[in-house]
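Structure first, then comments.
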Amino acid sequence: MSRSAHPAGPRHADVLTEGHYSAPPADLNTLDPKVWAQTVTRDEDGVLTVGGIDVKTLAEEHGTPAYVLDEADFRERARAWRTAFGADADVFYAGKAFLSRAVVRWLHEEGLNLDVCSGGELATALSAGMPADRIAFHGNNKSKDEIRRAIEAGVGRIVLDSFQEIVRVAHIAQSEGKRQRVQIRITVGVEAHTHEFIATAHEDQKFGIPLAGGQAAEAVRRALQLDSLELIGIHSHIGSQIFDMSGFEVAAHRVVGLLKDIRDEHGVELPEIDLGGGLGIAYTSDDDPREPHEIAKALTEIVTRECESAKLRTPRISVEPGRAIVGPTAFTLYEVGTIKPLDGLRTYVSVDGGMSDNIRTALYDAEYSVALVSRTSDAEPMLARVVGKHCESGDIVVKDAFLPADIAPGDLIAVPATGAYCRSMASNYNHVLRPPVVAVRDGESRVIVRRETEEDLLRLDVG
Ligand SMILES: *Cc1c(COP(=O)(O)O)cnc(C)c1O
C-alpha cells in the first residue's frame with residue numbers, strides 16, 4: 001500500500017529518506033502492468049505503444065501534453081464491474097472522475113449507470129444519450145435549477161444530502177407533478193484509510209446527514225412523510241483510494257442497522273442500499289488494488305450477512321466506482337523540456353504541462369510513477385522530480401521518481417494512472433491550455449476531448 005493510502009496530512013519532507021523510491025528499481029525500462037493501461041507495451045524500438053499505436057506517432061498527431069486513454073481497457077474494466085456485481089446490483093460510474101460524451105456512450109453500451117453531481121455533468125450525460133432513469137444526481141448543494149432539470153429529465157434517483165434538500169426536492173417534484181425516487185446520504189462515522197482530504201464518512205465534513213444523534217433517522221422520517229418523494233434507499237460513501245474493505249464492513253453494518261430501525265419504526269423495508277465508490281487503484285508498484293469480483297463478493301457477503309442477522313430482506317446493492325474504472329486506463333504524455341540537476345538533492349525534469357493537467361500531487365500529496373517512453377535507456381537511474389511549467393514551486397507532477405540519467409530535452413515521458421481526477425480537475429492556470437483526451441483502440445487514435453485553443457480562452461474574456 002502506498003503512503004498516500006494512509007491518513008496523513010501533507011508531508012513537508014523535502015529530502016527523500018523513506019519509502020519505495022529510496023532504492024532505484026532494478027530496471028527502468030520495464031513497464032509494470034499494474035500501473036499501466038492493459039494494452040501498453042514497448043515495441044521493438046523500445047517505444048511505448050498503447051492500443052497498437054506508439055507514443056511518438058501520438059505525439060506527432062496530437063501534440064503534448066495529452067491524456068491517452070485505452071478504450072479497450074476502459075470497456076473491459078467497466079464490464080468487469082458490471083459482471084462482478086451481476087443482475088441483482090447496479091454499478092454507477094462516478095462521472096466526476098472523468099466525463100465526456102464518448103465515455104457516456106461506452107458506459108451505456110456496457111450496461112453501467114452514471115452518477116452526476118452538477119448541471120454540467122447532467123447535460124453531458126443526457127446529450128450523449130444516457131437514459132435519464134440510469135442517472136443518479138449527487139451533491140451537497142444542488143441548486144434549485146439543477147434539481148428542477150434533474151426531475152424534469154426524469155433521473156432515476158436524487159441523493160438527498162441535507163434536511164433542507166429533502167424539502168427542496170419535495171417542493172420541486174410536487175410543482176412538476178412528479179414523484180421523485182430518492183436516497184438519503186448518511187455519514188456513518190467511518191474514517192476510511194485514505195488521505196484526510198478525501199475521507200468523507202467521518203462526521204466533521206460537508207457531505208451527508210450524520211447517523212449519530214438520530215439525525216439520519218429523522219431525515220428518513222421526514223422523507224417518508226412527503227408524497228412527492230419515493231424513498232428507495234440509504235446511501236453511504238466513505239472515501240476514496242481505499243484498499244482495505246474493513247471500512248465498508250463497518251459502513252454496511254451501520255447502514256443495515258438504520259434499515260432495521262426504519263423497518264421497526266415505519267414498517268417499511270427500503271429496497272436499496274448504495275455503498276458508494278472509493279476503491280483504490282495502483283499509482284505506483286507498491287499499491288495492490290483488489291479485482292472487481294473480489295470486491296463484489298466481499299460487499300455482497302457483508303450486506304447479506306448483516307441483513308440476515310437483522311432479519312431483513314437483502315436490499316439491491318449499488319456501487320459507484322469512478323477512479324477504479326477510468327483511473328488506470330489513461331496516462332499523460334509529456335515532452336521533456338528544461339532539466340536542472342541540483343547537486344546532492346535531485347534533478348528537476350520540467351514537462352510541458354503540470355499542475356493544470358494534474359493537480360492531485362499538489363492537492364492530495366498523491367504519488368505517481370513515470371517512465372521514459374520514447375526510447376529505452378541503459379543509463380544509470382537518477383533521482384528526479386517531474387515538475388510543470390507553471391509559476392508555482394508546488395507545481396509538481398511526480399514528487400520522487402527515478403529516470404535514466406541520460407534523459408534529455410525532447411524525450412517523451414508518461415505518467416500512468418491519470419485517467420481519473422486529472423482532466424476533470426484540469427484548470428487554465430497561467431492561461432495554459434487544457435490537453436486533449438485521445439482515445440486509442442485497435443491501432444487507431446481518436447480525439448474525444450479536443451485540446452483547448454487560445455481562441456477558447458479569449459472567447460470567455462469579453463471585457
Ligand atoms: C467521488 C464519489 C464517488 C467515486 O469515488 P472514486 O474514488 O472515484 O471511486 C462515488 N460516489 C460518490 C458519492 C462520490 O462523491
Among 373, 363, 326 the positive-end extreme of the charge dipole of the stretch 282-409 (Cβ point charges): 326
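State to the nearest 20 debye the size of the charge dipole of the stretch 99-238 about its Cα centre, where the only charges are +1 on K and R beta carbons and -1 on D and E beta carbons. Spell out each step's value before the answer.
Values: 16 positive and 18 negative charges, 87 e Å.
The calculation lands at about 420 debye.
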Helix 144-153 axis, angle to the chain major axis (alpha carbon atoms, nearest 10°): 80
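To the nearest 500 deg cm²/dmol, what mean residue ellipticity at 222 nm is calculated for the chain from DSSP H runs of n ≥ 4 alone, each contributing -39,500 (n - 2.57), summed and divided by the residues?
Details: 12 runs with 130 residues, N = 463.
Helices in the chain give a 222 nm mean residue ellipticity of -8500 deg cm²/dmol.
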Relative contact order computed over the stretch 120-189 (Cα-Cα under 8 Å; 6+ residues apart), in percent: 31
Scattering profile of the stretch 282-348 at q = 0.18, 0.26, 0.29 Å⁻¹ [log10 I(q)/I(0), Debye over alpha-carbon scatterers]: -0.89, -1.14, -1.24
Interchain or long-range residues, amide H under 5 Å from residue 449's placed H: 437
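With viscosity set to 0.692 mPa s and temperature to 37 °C, compute the Stokes-Einstein D of the chain, Rh being the Kirkwood radius across alpha carbon pairs; µm²/s, no decimals. Don't skip to the answer; put the middle values down first.
Numbers: Rh = 23.2 Å.
Calculated translational D: 142 µm²/s.
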Rounded accessible area of residue 355 (nearest 10 Å², 1.4 Å probe): 30
In Hz, Karplus ³J(HN,Hα) per residue of the stretch 246-262 (6.51, -1.76, 1.60; θ = phi - 60°; x = Gly, Pro): 5, x, 5, 4, 5, 4, 4, 4, 6, 5, 5, x, 5, 4, 5, 4, 5
Rough spin-label spacing in nm, given labels placed 7 Å along Cα→Cβ, for residue 348 and residue 153: 4.3
Amide proton proximity set for residue 229, modelled H, under 5 Å, gap of 5+: 180
Table column - 3J(HN,Hα) (Hz), the stretch 343-359, Karplus curve with 6.51, -1.76, 1.60, x for Gly and Pro: 3, x, 10, 5, 10, 8, 10, 8, 10, 7, x, x, 5, 6, 9, 8, 8
Contour excess over end-to-end distance, with Cα ends at residue 431 and residue 245 and 0.36 nm allotted per residue: 62.8 nm
Residues whose placed amide H lies under 5 Å from that of residue 53, excluding near-sequence neighbours: 443
Per principal axis, descending, Cα span of the stretch 296-414 in whole Å: 66, 33, 25
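Roughly speaking, to the nearest percent, how much of the chain's 1.4 Å accessible area is carbon and sulfur? Could the numbers behind the result be given before it?
Working: 9160 of 19020 Å².
Summing carbon and sulfur atoms, their accessible area is 48 percent of the total for the chain.
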Surface/4 of the Cα convex hull for the stretch 362-463, nm²: 8.7
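Treating only the Cβ of Lys, Arg, Asp and Glu as charged (+1, +1, -1, -1), what charge dipole size does the stretch 91-178 show about its Cα centre? Round to the nearest 20 debye. Write out the running numbers ahead of the final one.
On the way: 11 positive and 11 negative charges, 23 e Å.
Dipole size: approximately 100 debye.
Could you tell me the calculated FRET efficiency between residue 459 and residue 145, based on Cβ-Cβ distance and R0 = 30 angstrom, to the nearest 0.05?
0.80
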Folded to 0 to 90 degrees: helix 71-85 orientation relative to the chain principal axis, Cα: 30
Calculated FRET efficiency for the pair residue 264/residue 105, C-beta based, R₀ 35 Å, to 0.05: 0.20
Estimated vicinal HN-Hα couplings, Hz - the stretch 280-291 in sequence order (Karplus 6.51, -1.76, 1.60; Gly, Pro = x): x, 10, 8, 8, 10, 5, 7, 8, 10, x, 8, 6
Magnitude of the charge dipole, the chain, Cβ model with Lys/Arg +1 and Asp/Glu -1, debye to 20: 1500
Between 0 and 90°, nearest 10: helix 215-225 axis offset from the chain longest Cα axis: 60
Total lysine pairs whose alpha carbons fall under 27 Å of each other in the chain (8 or more apart, or interchain): 24
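Would you mind getting the accessible area per residue of the chain, heavy atoms of the protein chains only, 1.4 Å probe, in Å²?
Details: 19020 Å² over 463 residues.
Here the residues of the chain average 41 Å² of exposed surface.
The values are calculated or read from the model by the stated rules, or taken from the named source; none is laboratory data. Being a predicted model, the structure only gives us computed values, none of them experimental. Cβ coordinates were reconstructed from backbone atoms using ideal geometry, including for glycine residues, and neighbour counts include every protein chain displayed. Ligands, DNA and RNA are excluded from the accessible area calculation, which covers all protein heavy atoms including side chains. Shrake-Rupley method; radii C 1.70, N 1.55, O 1.52, S 1.80 Å.
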